[in-house]
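Step one of this worksheet: look at the structure below.
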Amino acid sequence: MPCRAHLASLRCLLVWAMLSAALPQARAQAVPAEPPAPRVVQLRGQLEPYKIVEVQVQDLAAWGKVPGHTPWRLVPYIDGRALSGVYPVAVNLRNATLQFHLRITPDNRTTWTHLLSPLVFQRPVRFSVGLELQDPFETRFVLEDTPATLTVINPRWVALAAVVVTVFAVAFCALAARTTLLMERSDHASGPVVLRFSLAKVQLALWFFVVFGAFLVIWLVTGNFNTINSAVLATLGISAGTALGDAYLKGARAVSPGSSAMPPAPWAADGPARPIRQRALRFVREMVSDSEGYSIYRFQMLAWTAALVVVFLADVYDDLVMPSFGPELLYLLGLSSGTYVAHGVSDNWRARPDPSGAQGASAAPVPGPSASSAGGASTSPAAPSASAPASPWGASS
């Protein structure tokens, strides 16, 4: 009996030893091995908005076998920013490749704006892929090793846009130099009707080309053509209203009782061509002066217009969006333009003839007897015919 009891105890000890040795091995086999970390090793295609690129990810198949890892939910990462919503259009686990269509969507438009600004043709960037709201995969496309190249502006589209803008600009400059496109009629009490540069027309033309060029640039880079906001429309409306009000006042002065009504006359050369320096000086002088001399109203309007144009172009260059001027800035621009137009109203009142027949205090008498010309304008012996206004680049007004 004691022998049997001893043998039973030995058997129990042996079974316990065998179970103790097998249990850690079973536990080790139950824990799955950690798959190797994926790594982006190759990028095929042009890294540019609305292009398709193919990305090769090493160990992508092993990573996809882990529960919760779905290759179809991977997104591109450029400079550490995830392009939300840009999921693969094709997944090949056998070749470990992913294809992405780099679309600009409302979800990632802000990210693309930061990536594409400021404006350059190409920029080296870091590129990888990964799940959203998680760290991207390891990659060989880093700035210190082998950076990827992001195309910001396609040279072919820029060349086409440059041709369009150049054609319009050359045509505009030719018309401005040879016609009265940017001119207004200005009648002096001591001389005939002359042509001078109109500040309101110059402001309208300046805002037109600024907004037109910015629209083309933003569309070429981001593909977004819904860029005109209410502030831009208000700015264009203020400049157009200023030009319209100025033209209305000039027309009212021309047809007022006792004034001379002159029909529109084309540009006509009345002297040798002036040097470029003298033309530039005349342009600047006529921007800040009127028939009474240099005007603070014109200077204020010109200064605020130049300042807002600089701010506008800087925002487009840095952020690739049309700037949204606040109501205070729009009020300020409207106030300067309104002051300019209101000054023209006072000029109209001063230009009206005195009902008693006497000349106004500010009007200088015209020497010599006056004779009615074909257009109904008064001329003096020392003045050229009023039927041919002074040329844009002729004698200074």
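The values are calculated or read from the model by the stated rules, or taken from the named source; none is laboratory data. In this text, all values refer to a predicted model and were calculated from it rather than measured experimentally. Please note that ligands, DNA and RNA were not included when accessible areas were found on the heavy atoms of the full protein model with its side chains. Shrake-Rupley method; radii C 1.70, N 1.55, O 1.52, S 1.80 Å.
Structure summary
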quantity	calculated
Pairs of Cα atoms farther than 27 Å apart, region 87-207, %	52
For Val316, solvent-accessible area (1.4 Å; no DNA, RNA or ligand), Å²	10
Hydrodynamic radius by Kirkwood, which averages 1/r over all alpha carbon pairs of region 46-112, in angstrom	12.5
³J(HN,Hα) computed for each position of region 149-160 - Karplus, 6.51 cos²θ - 1.76 cosθ + 1.60, integer Hz, glycine/proline x	10, 8, 8, 7, 10, 6, x, 5, 5, 5, 4, 5
Ranked order, Tyr87, Tyr317, Tyr77 - accessible area, probe 1.4 Å, largest first	Tyr317, Tyr87, Tyr77
Debye log10 I(q)/I(0) for region 150-237, one point scatterer per Cα, at q = 0.12, 0.15, 0.19 Å⁻¹	-0.53, -0.73, -0.97
Solvent-accessible surface ranking, highest first, for Glu138, Glu48, Glu144 at 1.4 angstrom	Glu144, Glu138, Glu48
Ranked order, Lys51, Lys65 - accessible area, probe 1.4 Å, largest first	Lys65, Lys51
